[in-house]
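Visitor: Below are the structure tokens for one structure; questions will follow.
The values are calculated or read from the model by the stated rules, or taken from the named source; none is laboratory data. Please read these numbers as outputs of a predicted model, since none were measured by experiment. Here the Cβ is made from the backbone with ideal geometry for all residues, glycine too, and neighbour counts use every protein chain on show. Ligands, DNA and RNA are excluded from the accessible area calculation, which covers all protein heavy atoms including side chains. Shrake-Rupley method; radii C 1.70, N 1.55, O 1.52, S 1.80 Å.
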Amino acid sequence: MSLAPLAHQFMALFGVGYAGLSLFLSGLLWAHALVQLPAGLILDKLGIYRGFLIAVFIALLANLLPFISPENLGLATSLRFCAGLSSGLMFLAGVKIIGMMAPPEKMAQAQGIQGAAFSLGIMLPYVTLPYLGEDAWRYSYWIPALIMLFLLAASTKLPAKVRHAHSVSNSTASDLWQVVKSVSTSMPIWTIGVFHGFSYGTLNNLGQWLPSILADMDGKGDVAAWSLGTAVVLLIGTMARAFAGGLLRWRSRSFITNTAVLLIAILYIVLGLTGNPWIGLAVGVVLAWLGGANYGSIFSLTGQSVSPAYMATASGFMNLVGNVTNVLLTMILGTVREYTGSFSMALCAAGVVALLVWVAGHRIIRGMDRPPRTLS
């Protein structure tokens, strides 16, 4: 997420417009999406800590090798794909660690806190990079590399049961294939994945595009002027994730998930139709809150659908579906903006699609709150 606040610097560096920028931005997201299921299998088979170390090594390369040829869009985009492989593996490692360490009754709250920490990482570039000068794009690589080194040092404090865990070391290839087959043909997991795509994907795309959307609305085209406002929006989403588990005291997982996606669909259309940047910012705040508040309910619905030993695989496939949805949103918004000169049509289209998804899937989501039939 360290690239979007410097969108104009990267467009100038590579000599591209919004369509080219969307390709560069989405490189990480495509890889993050497509690696989810393989990442789950790696963590289930190889172990959490080894998978984490692999992710750190890939991330370091992805953030240091661009300096070989900074203006080469092909190299930069390829390395963004590598960064996505790292982030996908690292994210699922966090999910799996929570599954091992959190008490069952605190699972949703713990997942919400992890999601909030993830969102803080999204927010950090908006309160730092725009103020680092005309060559700030360099810091968008350096800072993540330094964070990886910090994580590597901090990971040595993980409990031994995490660092030495091998979740399914006795499983054969045939066993894993049966799990993959069961997970990938599960309509509830497909449905929750798409719903996740319109929840997490909304928060992610606010980070990617909200400064540009608001800059278009104010008619000045100054993306940096809206960076602080976007940081506030993302902070709201972060806090919503942190406290998402608390909502389950009053409402069911299915109610929270269904209501959030329905309102997200409506507000996409509202954001597309408004031409006032301050109203757009207010709508962005509500969208961020809805996307964040849905986090704990979505992952706990997924977790109760499978055997605990294969939670990473199921979460990986659900994330794959959700992240493909997220990437498509990113590509649509950037490409339509390039060829229509406005984000309005793309936002309205996203809202209509989200509404159709809700109509098709809300009964399935409601059914997931019933006693689950777990994969074995």
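Visitor: Being in a helix (DSSP H, G or I) and surrounded by fewer than 20 Cβ atoms within 10 Å (Cβ to Cβ) is the filter; apply it to region 183-196 and report the residue that is modelled with the highest pLDDT.
Guide: Trp190
Visitor: Just checking, does region 169-182 include any residue being touching a strand residue (DSSP E or B) at 6+ places or on another chain (Cβ under 8 Å) and either open to solvent by 30 Å² or more (accessible area, probe 1.4 Å) or modelled with pLDDT under 75 (or both)?
Guide: yes
Visitor: Could you pull out the residue among Phe57, Phe67, Phe91, Phe52 that is at pLDDT 75 or above and in contact with a His (Cβ under 8 Å, 6 or more places away or on another chain)?
Guide: Residue meeting the stated conditions: Phe91.
Visitor: Name the pairs whose Cβ atoms lie under 7 Å apart, with the first residue in region 132-148 and assigned to a loop (DSSP other than H, G, I, E, B), the second open to solvent by 90 Å² or more (accessible area, probe 1.4 Å) and of a type in the set (A, V, I, L, M), and 6 or more positions between them or separate chains?
Guide: none
Visitor: Also: Return the residues of region 214-233 that are modelled with pLDDT of 80 or more and open to solvent by less than 10 Å² (accessible area, probe 1.4 Å); say none if nothing qualifies.
Guide: Listed by number, the residues that qualify are Leu214, Ala215, Val233.
Visitor: Also: So the check is Cβ under 7 Å with 6+ separation or different chains; which pairs have a first residue in region 358-370 that's at pLDDT 85 or above and a second one that's open to solvent by less than 60 Å² (accessible area, probe 1.4 Å) and of a type in the set (Gly, Ala, Ser)?
Guide: Trp358/Ala265
Visitor: Given the conditions (1) closer than 25 Å to Arg50 by Cα; (2) at pLDDT below 75, which single one is not true for Leu146?
Guide: Going through the list (1) closer than 25 Å to Arg50 by Cα; (2) at pLDDT below 75, Leu146 breaks only (2).
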